[in-house]
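Structure first, commentary second.
The values are calculated or read from the model by the stated rules, or taken from the named source; none is laboratory data. Being a predicted model, the structure only gives us computed values, none of them experimental. As a convention, Cβ positions derive from the backbone with ideal geometry for all residues, glycine included, and neighbour counts pool all protein chains shown. Ligands, DNA and RNA are stripped out before the accessible areas are found, and what is left, the full protein with its side chains, is counted by its heavy atoms. Shrake-Rupley method; radii C 1.70, N 1.55, O 1.52, S 1.80 Å.
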Amino acid sequence: MDYKKTLLSPIKIGNRISPNRFFIQAMECTDADAEGNPTDLTYKRYENLFRGEAGVITLEAISITDKSRSRQNQLLIMPQNEKPLAQFVKRLKEVNPNALFIFQLTHSGELSHPGFSRRVCVKPLPGYGGDVLTEEEVDKIMDDFVMAAKIAHAVGADGIDMKLCHGYLGSQILRPYNDRKWKYGGPWENRRQFAFDLYERIQKEVNDKNFLIGSKISAWEGFPGGFGTAGPDTPVMDLTEPIDLIKGLEERGASYFVQSAGSPSITISLTQADKKSPYFAYLHMGFAKIFKENLKPETVVIGSNYSVFRNGKNRLLAVTPEESSLLTFGASNIEKGYVDMIALGRQSFADPLLPLKLREGREDEINYCTVCDNCLELLIQQSPIGCCTFNKYYTDVLIQTRKEKGRLKQDHT
Ligand SMILES: Cc1cc2nc3c(=O)[nH]c(=O)nc-3n(C[C@H](O)[C@H](O)[C@H](O)COP(=O)(O)O)c2cc1C
């Protein structure tokens, strides 16, 4: 298999072209300034990613208001952030004008941090809770999403990801657990209408057929009542609703979907397979294939969870290292038609230059993610995030964080 040729081949997304099949995941790094604008650390991270030549680069979850953040130093996209964001995009397009840049727009809902945001929900989940949102408040949140999409368009982003994954507000509304009687609650026809209305409002207001609108979706959240389950009180998988969702969004014009799973604050290993359970990543391959089978051939499906495969030196059994590397698995899934692009999350921290190194025949220089999940520890502790293994700056941040806040016990690593 000529995996290099497959991975470096271009692909059309909507009216745009991605120069290759590498897609950089949204990776929140909590290094914005007090106003939610990019800092030198943010610039450095994205300049490296743009240098690295991935075809599509996602800007990490950027909060549509200052009351909907889960992390204090999260990026913000409000009218006052427009100028700094325009400068940021301009700089990155200077580094590499060919990569498509997509902003992941988010509202944290019940995951908003009550210390500096407002924790809200559509139906209190045990252990989370928050103020129950009124219909008027949800309508206002949708206005904020539309405003954020317009800002993303105005500052030169190539598209947006309406975040509907990982337990943030979008997934909270979609999941069967949201069985409260209200406009977007109860029967699936009501719940899905949130995503459909939001899509239509954004598309109408941005009104640019070259601007990509898509969504990252957790196919199965993996807990009772989570999205992709058979009902409000069962964890049993039923993908009827996720399939209907992607088809409905596609009908309205969505050009791409990033497949994901889990809700990290509840089912973390499902969202990001870890060292102990790398085979959870196989589930993602299956979800991506189901997405692909249910969409038109031209709708781009991006598969998640490739970091654990590394260069084949992983803990997977019953498969040779040559067949089970990130590059070979990724390329063979593309060749089989199971997926169109492969997404790099933790791997993009370990080596933002992976696509460039592959193109230049410098594969032996690629740093592969060790799946230590120290980046996740930094996220939980709300310290600036990067690769603690290959980037000395973040090794020091980790040491300092542990000194100040103690060592986090991670039972999933
Ligand atoms: C530090 C950190 C930050 C993340 N931030 C985001 C985010 O902003 N938006 C999102 O959709 N997923 C986020 N994720 C999840 C990843 O995008 C990705 O779905 C997951 O890590 C699996 O991909 P991987 O195996 O390539 O790492 C984050 C994960 C980590 C470890």
TODO: Only residues in segment 340-356 that are under 20 Å from A288 (Cα atoms) count as the first member; pair them with residues that are basic (K, R) and more than 7 Å from the ligand (Cβ to nearest atom), Cβ under 9 angstrom, at least 6 apart or cross-chain, and list the lot.
DONE: D340/R21; D340/K292; M341/R21; I342/R21; Q347/R310
- [ ] Report, by residue number, each residue of segment 311-330 that is within 16 Å of the ligand (Cβ to nearest atom) and either among the aliphatic types (A, V, I, L, M) or under 20 Å from A261 (Cβ atoms) (or both).
- [x] N314, R315, L316, S324, L326, L327, F329, G330
Task: Close pairs from segment 146-174: first on the phi > 0 side of the Ramachandran plot, partner open to solvent by 20 Å² or more (accessible area, probe 1.4 Å) and within 16 Å of the ligand (Cβ to nearest atom), Cβ under 8 Å, at least 6 apart - done: H166/P264; G167/L111; G167/P264; G167/S265; G167/I266
- [ ] Could you check K209 against (1) surrounded by 21 or more Cβ atoms within 10 Å (Cβ to Cβ); (2) out of contact with any strand residue (DSSP E or B) (no Cβ under 6 Å at 6 or more places or on another chain); (3) in a loop (DSSP other than H, G, I, E, B) and say which number it fails?
- [x] (1)
- [ ] Select, from T42, T30, T58, the only residue that is of a type in the set (S, T, N, Q) and in a helix (DSSP H, G or I).
- [x] T42
- [ ] Can you work out which of the residues in segment 263-279 that are in contact (Cβ under 8 Å) with a residue 60 or more places away in the chain, farther than 18 Å from Q347 by Cβ and under 16 Å from the mean Cα position of the chain (by Cα) is most open to solvent (accessible area, probe 1.4 Å)?
- [x] S265
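Could you check, for segment 373-394, whether at least one of its residues is of a type in the set (F, W, Y), crowded, with 17+ Cβ neighbours inside 10 Å and under 20 Å from the mean Cα position of the chain (by Cα)?
No, the conditions are met nowhere in segment 373-394.
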TODO: Working only within segment 282-318, note down all residues that are farther than 17 Å from L270 by Cα, open to solvent by less than 40 Å² (accessible area, probe 1.4 Å) and assigned to a loop (DSSP other than H, G, I, E, B).
DONE: L295, T299, G312, N314
Task: Hits in segment 103-120 - residues which are of a type in the set (A, V, I, L, M, F, W, C) and either surrounded by fewer than 21 Cβ atoms within 10 Å (Cβ to Cβ) or under 20 Å from K44 (Cβ atoms) (or both) - done: F103, F116
TODO: Spot the failing condition for V132; the list is (1) aliphatic (A, V, I, L, M); (2) surrounded by 23 or more Cβ atoms within 10 Å (Cβ to Cβ); (3) in contact with a strand residue (DSSP E or B) (Cβ under 7 Å, 6 or more places away or on another chain), and only one is missed.
DONE: (2)
TODO: Residues being within 30 Å of P235 (Cβ to Cβ) and either of a type outside the set (V, I, T) or part of a loop (DSSP other than H, G, I, E, B) (or both): count how many of those fall in segment 140-184.
DONE: 25
Open item on the list: Here is a check on your reading of the model: is Q400 within 14 Å of the ligand (Cβ to nearest atom), modelled with pLDDT of 95 or more and surrounded by fewer than 19 Cβ atoms within 10 Å (Cβ to Cβ)?
Closed with: no
- [ ] Could you figure out which of (1) among the aromatic types (F, W, Y); (2) farther than 30 Å from A254 by Cβ; (3) within 13 Å of the ligand (Cβ to nearest atom) isn't true of F390?
- [x] (3)
